[in-house]
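Undergrad: Please find one structure pasted underneath; my questions will follow.
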Amino acid sequence: MLGAGIWSRVIRIENVSAGSRYPATVYALVFELSGILWFYTDIDGTQSLSTHVGTTAGDKDNLGALLPLIDPGFGRWEFVESRAVLGAKQGRIPNGCFIESVALLRERMESGLAASEPRLLSYYVNLPDGVHGHTILQFRAGANLVLLDPDRPARLVRIKPRRADDPGSCAACIRGDVARARWIPIGEWPPVRSRSPAYCVVSAESRGS
């Protein structure tokens, strides 16, 4: 879904935390975008893994130190083949709105459709069972600034000029109860594939994405 231009790896992690929201064996996708590494699981979607922008080369070699920041029980881990994990699964991925939004941009660009000034828009809503987040795609199509929600990929939502300077106001074009929102820059697009060395095995929405 992310495309060949984005560095990504599936990893298997042993989790020793008692009472963790993650199971004893965790399969996750680690990928690079906007100068940082991101961490996706179907349990709670996508979150940042890097602690600083622009350190991805070192972060890829130091995943064992970063993974406990997601959950302190994360210990031994290894890279695995994605096909062994995903098999023949089809359709949408759970809590995958972040990745789906990037995929929507890739599909538009490959189809020759307008999508300049792209960025991701993540917003959060307070619900009775906690805070839920969702990520959508924002870009410019001609003279219009628009939003594209992976939940409704056939519908473009136009952002009125008076709303364009604030992420919360942009998110309000989708729903009116947004508690907070932020933009995530996508950076260079299409991305330049990282020339990282080959890796060997290493030992060491729902919530929104």
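Undergrad: Taking the stretch 103-130 as the search range and keeping residues that are among the small types (Gly, Ala, Ser) and surrounded by 12 or more Cβ atoms within 10 Å (Cβ to Cβ), which one is farthest from residue 44 (Cα to Cα)? Explain how you work it out, then say what you get.
TA: Restricting attention to the stretch 103-130, the residues satisfying the condition of being among the small types (Gly, Ala, Ser) are 103, 111-112, 114-116, 122, 130.
Applying the additional criterion that residues be surrounded by 12 or more Cβ atoms within 10 Å (Cβ to Cβ) yields 103, 114-115, 122.
Working: 103: 19, 114: 31, 115: 28, 122: 14 Å.
Filtering first and then ranking leaves 114.
Undergrad: Before we move on, is residue 39 over 17 Å from the mean Cα position of the chain (by Cα), of a type outside the set (Gly, Ala, Ser) and at pLDDT 95 or above?
TA: Working: over 17 Å from the mean Cα position of the chain (by Cα): no; of a type outside the set (Gly, Ala, Ser): yes; at pLDDT 95 or above: yes.
Against the criterion (over 17 Å from the mean Cα position of the chain (by Cα), of a type outside the set (Gly, Ala, Ser) and at pLDDT 95 or above), residue 39 does not qualify.
Undergrad: So which of 44, 59 ends up being touching a helix residue (DSSP H, G or I) at 6+ places or on another chain (Cβ under 8 Å) and surrounded by 17 or more Cβ atoms within 10 Å (Cβ to Cβ)? Show your work before the answer.
TA: On the way: 44 fails: touching a helix residue (DSSP H, G or I) at 6+ places or on another chain (Cβ under 8 Å).
Going through 44, 59 in turn, just one is touching a helix residue (DSSP H, G or I) at 6+ places or on another chain (Cβ under 8 Å) and surrounded by 17 or more Cβ atoms within 10 Å (Cβ to Cβ): 59.
Undergrad: For a quick check of your reading of the model, give me the residue pairs whose first member lies in the stretch 139-161 and is under 19 Å from residue 184 (Cβ atoms) and in a strand (DSSP E or B), whose second is at pLDDT below 95 and among the hydroxyl-bearing types (Ser, Thr, Tyr), with beta-carbon atoms closer than 6 Å and at least 6 apart or on different chains.
TA: From residues that are under 19 Å from residue 184 (Cβ atoms) and in a strand (DSSP E or B), the pairs are 140/116.
Undergrad: Which one of 122, 169 is part of a helix (DSSP H, G or I) and not hydrophobic (A, V, I, L, M, F, W, C)? Reasoning before the result, please.
TA: Working: 122 fails: part of a helix (DSSP H, G or I).
Answer to the selection: 169.
Undergrad: Could you tell me whether the stretch 43-66 includes any residue that is of a type in the set (Val, Ile, Thr), touching a strand residue (DSSP E or B) at 6+ places or on another chain (Cβ under 6 Å) and part of a strand (DSSP E or B)?
TA: Yes - at least one qualifying residue is present in the stretch 43-66.
Undergrad: So how many residues does the stretch 8-34 have that are in a loop (DSSP other than H, G, I, E, B) and more than 13 Å from the chain's Cα centre (by Cα)? Explain how you work it out, then say what you get.
TA: Start the filter on the stretch 8-34 by keeping residues that are in a loop (DSSP other than H, G, I, E, B), which leaves 16-24, 34.
The next check asks that each one be more than 13 Å from the chain's Cα centre (by Cα); those that pass are 16-24.
Matching residues across the stretch 8-34 total 9.
Undergrad: Considering only residues that are surrounded by 13 or more Cβ atoms within 10 Å (Cβ to Cβ) and of a type in the set (Val, Ile, Thr), which ones fall in the stretch 47-56?
TA: Result: 55, 56.
The values are calculated or read from the model by the stated rules, or taken from the named source; none is laboratory data. Computed from a predicted model, the values in this text were never measured in an experiment. In this analysis, Cβ positions are derived from the backbone assuming ideal geometry, glycine residues included, and neighbour counts consider all displayed protein chains.
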